[in-house]
1. Residue separation times 0.36 nm, minus the C-alpha to C-alpha distance between Arg44 and Ile68: what's the value?
2. Please list Arg125, Arg130 in order of solvent-accessible area, largest first, computed with a 1.4 Å probe with all protein chains present.
3. Could I have the simple spin-label model distance between Phe8 and Arg130, label points 7 Å from Cα toward Cβ, reported in nm to one decimal?
4. What does the C-alpha gyration tensor say about the overall shape of the stretch 1-110? Classify as rounded when a/c is under 1.5, otherwise prolate if a/b is larger than b/c, or oblate.
5. With a/c under 1.5 counting as rounded, go ahead and sort the stretch 15-56 into rounded, prolate or oblate using the C-alpha gyration tensor (a ≥ b ≥ c being the square roots of the eigenvalues; past the cut-off, prolate if a/b is larger than b/c, else oblate).
Amino acid sequence: MQITPETFRRPELKLEPRRLIDGDADDLNRLYALEDDGLHYSGRQVSDGIYYGAYNRGRLVSAAGTHILSGAEGVAVVGNVFTHPDHRGHGYGMAVTAAVTEHLLRLMEAMATRRSSITPVPAVRRAFARWRSGTPGVEVVEL
């Protein structure tokens, strides 16, 4: 499934997930361990990826994150969506998935400022960026 800023609709939920950081890795691992052997994430994997979690009474009960994240290619894959069995059916999974998706769309649609140079290299780069986009008037650049 492909989501764009134009097609994304944030669900109306009273729940506001928060971005997980390296210090949340133990909570994330405990949550994922509820099913089979679970997954095991280091703090670095959590902070290098985009992970959001929903808490209930101070305990992580739902999480979602990125499987793949490539700013250069403009591609990200959301996955590892899991909600504690006792908290399913309340919109937690939808909330964390939407939070990750919204974050990724902001990241991929970030503004950039092009620096000018006296050499012909910028003109060649711009021509290549227009060719890469395949859309008239749009340039694809690596951030």
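The values are calculated or read from the model by the stated rules, or taken from the named source; none is laboratory data. In this text the structure is predicted, and so the values were computed from the model without any measurement. Counting neighbours? That spans all protein chains shown, and the Cβs are built from the backbone with ideal geometry, glycine included. Surface areas here come from the heavy atoms of the whole protein model, side chains and all, with no ligands, DNA or RNA. Shrake-Rupley method; radii C 1.70, N 1.55, O 1.52, S 1.80 Å.
1. The Arg44-Ile68 span can extend by a further 7.1 nm.
2. Working: Arg125 160, Arg130 105 Å².
In descending accessible area the options line up as Arg125, Arg130.
3. 2.9
4. Judged from the Cα gyration tensor, the stretch 1-110 comes out oblate (a/c at least 1.5, b/c at or above a/b).
5. Taking the square roots of the gyration eigenvalues as a ≥ b ≥ c, the stretch 15-56 is oblate.
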